[in-house]
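The structure under discussion appears below in the form of structure tokens.
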Amino acid sequence: MATSLLAVLAGGAVTGGLMASAMDDPNTPAADRIKAIVPQVDPRTLSGPAYADAVPGTCLTWAVDERDRVTSFSAVDCAEPHRFEVAGRIDLDEVPGFGRDAPLPDQDALATVGTDQCMPMVDGYTGGRQVDPEGRFTGLVVPPSAEGWDKGDHAVLCGIAASELDGRSATSTGLFADADQHRRWDVGTCLGFTPEGLPGSPVPCSDDHSIEIVSDLEVTGILPDEPLPPEPEVQSELTADACHEAGATYLGGAEALRQSTLISTLVHPISPVSWETGSRTINCGLMKANDAGAFSVLRGSARQNVLIDGAAPVAPTTTAIPAPGAPADDAPGDGAAPGVVPVPGGTP
């Protein structure tokens, strides 16, 4: 049993709400993060019928190369993996501050369009189904290509996009109206790091990573059926036994989990908005905290000779398991990052 790795982070600044928060205030550090990843979500170097013909309900996708440059942009069936679901189109010629002679707007200029024009449009498109700022979706404005803008197409697409913990573009399948908003990953996925040292986008398990996903866990019957979910710490406590068992199963037995020195725990608690829109499944994942209270750096799958902070794990000499929320004697205390539930640093 162990506490959760991730609590609900204040303001959603490191979750799917990153783009939305930048829309709210283009002068925040979050806005700078958005500008840094613009090539992944801003196919402004391309033009074509997929963009021009998009209407509400159209699903679009794009590919990026190793330098984060957009290499394709196309419409797909929404049942297929896609990056963007169109809610509508906004003609900037009719928006104060823009005009026919204005240059192609940058992301700072589009931030106000997102807040003032796009989010209300998304609201109408979804029938009032709230986009969870702590979930895997966010509102997004996609401008036309520079070529299209120069030819007089001054409309931007407004819609809903999936994103990773660090704000990078992600794919989803199906319509947002039917989607589980809670953030989850496939079993066997390894999560890298954000610049802040928190879990980030999926990476090969051979790369440095913070968490290895071991299972999906249906929490109906584990968490109380109330209008709102329990607090993150309580979710962690109530799912601790099931996650411990999932980690043991993933590694081939309880002894294998003990020998790994890793903790199998709830990865991401369900937020109130995701709970209210039907989310009832969470991930369990393997991780470890280092002496400084941060996430240890894992390299290699836990199933195949994982290294922890550059060294092979040394099996503990005791099988004692810290109680949920009660750090061991050598565990980090008040030095944990704000909003993150402290993780026991003792024996799993």
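A few comments on the model shown:
- Potential extension, ALA312-ASP106 segment - 0.36 nm per residue separation minus Cα distance: 69.4 nm
- The stretch 149-200: radius of gyration over Cα atoms, expressed as a fraction of 2.2 N^0.38 Å: 1.59
- Scattering profile of the stretch 192-253 at q = 0.15 Å⁻¹ [log10 I(q)/I(0), Debye over alpha-carbon scatterers]: -0.65
- For the stretch 63-173: Kirkwood Rh in Å [reciprocal of mean 1/r, alpha carbons]: 15.0
- Sorted from longest to shortest, the spans of the Cα atoms of the stretch 111-261 along the three principal axes equal 66, 40, 28 Å.
- Per residue, in Å², the accessible surface of the stretch 118-206 once ligands and nucleic acids are set aside, probe 1.4 Å: 36
- Restricting the stretch 68-108 to trypsin sites (Lys or Arg not before Pro) in coil, as DSSP defines it, with at most 10 other Cβ within 10 Å: ARG100
The values are calculated or read from the model by the stated rules, or taken from the named source; none is laboratory data. Keep in mind that what you see is a predicted model, and the values were worked out from it rather than measured. FYI the Cβ positions are ideal-geometry reconstructions off the backbone, even for glycines, and counts take in every protein chain you see. Surface accessibility is based on the protein's heavy atoms, side chains included, excluding ligands, DNA and RNA. Shrake-Rupley method; radii C 1.70, N 1.55, O 1.52, S 1.80 Å.
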